[in-house]
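Visitor: Below you will find the structure I want to go over with you.
Read the figures in this text as sums done on the coordinates, not as results from a lab. Please read these numbers as outputs of a predicted model, since none were measured by experiment. All Cβ positions, glycine included, derive from the backbone under ideal geometry; neighbour counts span all protein chains shown.
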Ligand code: MRU
């Protein structure tokens, strides 16, 4: 998307690859909205660490990062021994797959890359195919988000108030975003609407990232505390909810997304407000049979016990908020059952969650 900094507007992708340096290029999302900086990873281990430490986050963005990271690890191999090369690729795959467990996009993306690599007969051929496949995954992610926008924009009418949770914007993908894509498309069609961004504690991706994105695109918005949505729904101040997802089960239509999504879906059902989930196809898990089996990332308690911010002097600092002798529990995601979801906005149309298997499996 376009970013305007000090009066200059430039187009950026969240994730890209510098082939000459064999380096994955990432927007350092932990610094936003206070500083816009691109960093490069030197090797696949650094790429995996960037995913774990949330330099890059969001299902599609970590999918593309893992795809590039696999190509990066494959291209770093020296020699012609295919057996040794395959062992190296397996190690890279495992390291990147373990970097964050809940989103399925990294594993789906790396399977795409490995499938393409298998067409090569030499190490050099496979290395070239790996990078081409990673580029294709990133391009497809961007195309899918555009298509999500085309389908989802129909849901947005003039004057609507829309709630979104966490960041399923372009920073969570390669470009455009999933939950935000219908908003950007509706804006391009001249529609006027207002967005409420859930703050999304503990890491506040709504307050920091989604709000920054919407401000950059001149979309009317306000940040609300996570606990405010029920009150606004009760007063008729929310007409539509659109969120993203880290894993949608193709068999059941259950949706894993940032912690707090389930609560919002329950509230939306109570108030008969349409609740949509926007995803590219790489977010669908066709294998798992029940939402209970989705691995839910447990993150460090410090995220709940305090917060990161920027001081008046411009220094990024962590501040302890909670009682000093208390600990915390910090599950990163929850699972929303299919019956609470009005529709899944995909690049190929909007479906009921339970239709995914029959209509999209092929
Ligand atoms: O922990 P994060 O910031 O990676 O979580 C991101 C979310 O939960 C988003 O809502 C999700 O990835 C859906 S959009 C890709």
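Visitor: Given a Förster distance of 56 angstrom, what is the FRET efficiency for residue 81 paired with residue 143, based on the Cβ-Cβ distance and rounded to 0.05?
Guide: On the way: r = 37 Å, r/R0 = 0.66.
It comes out at approximately 0.95.
Visitor: Give the relative contact order (percent, whole number) for the chain; include only Cα pairs under 8 Å separated by 6+ residues. Write down the numbers at each step before the final one.
Guide: On the way: 779 pairs, mean separation 56.4, N = 362.
In percent, rounded to a whole number, it is 16.
Visitor: Moving on to the next point. Hey, rough spin-label estimate for residue 36 and residue 325, points 7 angstrom out along Cα→Cβ, what's it come to in nanometres?
Guide: Rounded to a tenth, the inter-label distance reads 4.8 nm.
Visitor: Angle between the Cα long axis of helix 123-152 and the longest principal axis of the chain, 0 to 90 degrees, nearest 10?
Guide: Result, in degrees: 20.
Visitor: If you build a Gaussian network model of the chain, linking Cα atoms that sit under 10 Å apart, which residue out of 64, 188, 134 swings the most?
Guide: For the chain, modelled as a Gaussian network with Cα springs under 10 Å, the answer is 188.
Visitor: Round to the nearest 10 and give me the degree value, 0 to 90, for the angle of helix 82-97's Cα axis relative to the longest principal axis of the chain.
Guide: The two axes meet at around 20 degrees.
Visitor: Relative to the longest principal axis of the C-alpha atoms of the chain, give the angle of the C-alpha long axis of helix 261-270, reported between 0 and 90° and rounded to the nearest 10°.
Guide: The two axes meet at around 40 degrees.
Visitor: So, one more: Have a look at 277, 335, 321 and tell me which one the Gaussian network model of the chain (Cα, springs below 10 Å) gives the largest fluctuation.
Guide: 321
Visitor: Computed FRET efficiency, Cβ-Cβ of residue 119 and residue 49, R0 30 Å: what is it to the nearest 0.05?
Guide: Details: r = 30 Å, r/R0 = 1.01.
Efficiency, from the Cβ-Cβ distance: 0.50.
Visitor: Next question. At a threshold of 8 angstrom on Cα-Cα distance, excluding pairs fewer than six apart, so keeping six or more, what relative contact order does the range 149-359 reach in percent?
Guide: 21 percent
Visitor: With a ≥ b ≥ c taken as the square roots of the eigenvalues of the C-alpha gyration tensor of the chain, please select rounded if a/c is under 1.5 and otherwise prolate if a/b is larger than b/c or oblate if it is not? Could you put the intermediate results ahead of the total?
Guide: Details: a/c = 1.58, a/b = 1.36, b/c = 1.16.
Prolate shape, in that a/c is at least 1.5 and a/b is the bigger ratio.
Visitor: Next question. Give me the one-decimal nm value for the distance between modelled label points at residue 313 and residue 293, 7 Å along each residue's Cα-to-Cβ direction.
Guide: 5.4 nm
Visitor: Among 157, 315, 114, determine the one that fluctuates most according to a GNM of the chain built with springs between C-alpha atoms less than 10 Å apart.
Guide: Fluctuation is largest for 315.
Visitor: Which whole-number percent gives the relative contact order of the range 2-146, counting Cα pairs below 8 Å spaced six or more residues apart?
Guide: Numbers: 212 pairs, mean separation 30.0, N = 145.
With pairs under 8 Å counted, the relative contact order is 21 percent.
Visitor: What number in nm² do you get for the range 2-146 if you take the convex hull of its Cα atoms and divide its surface by four?
Guide: Numbers: hull surface 34.8 nm².
If I average the Cα hull's projected area over directions, I get 8.7 nm².
Visitor: Under a point spin-label approximation (7 Å from Cα along Cα-to-Cβ), what is the residue 128-residue 286 distance to one decimal in nm?
Guide: Result: 3.0 nm between the two label points.
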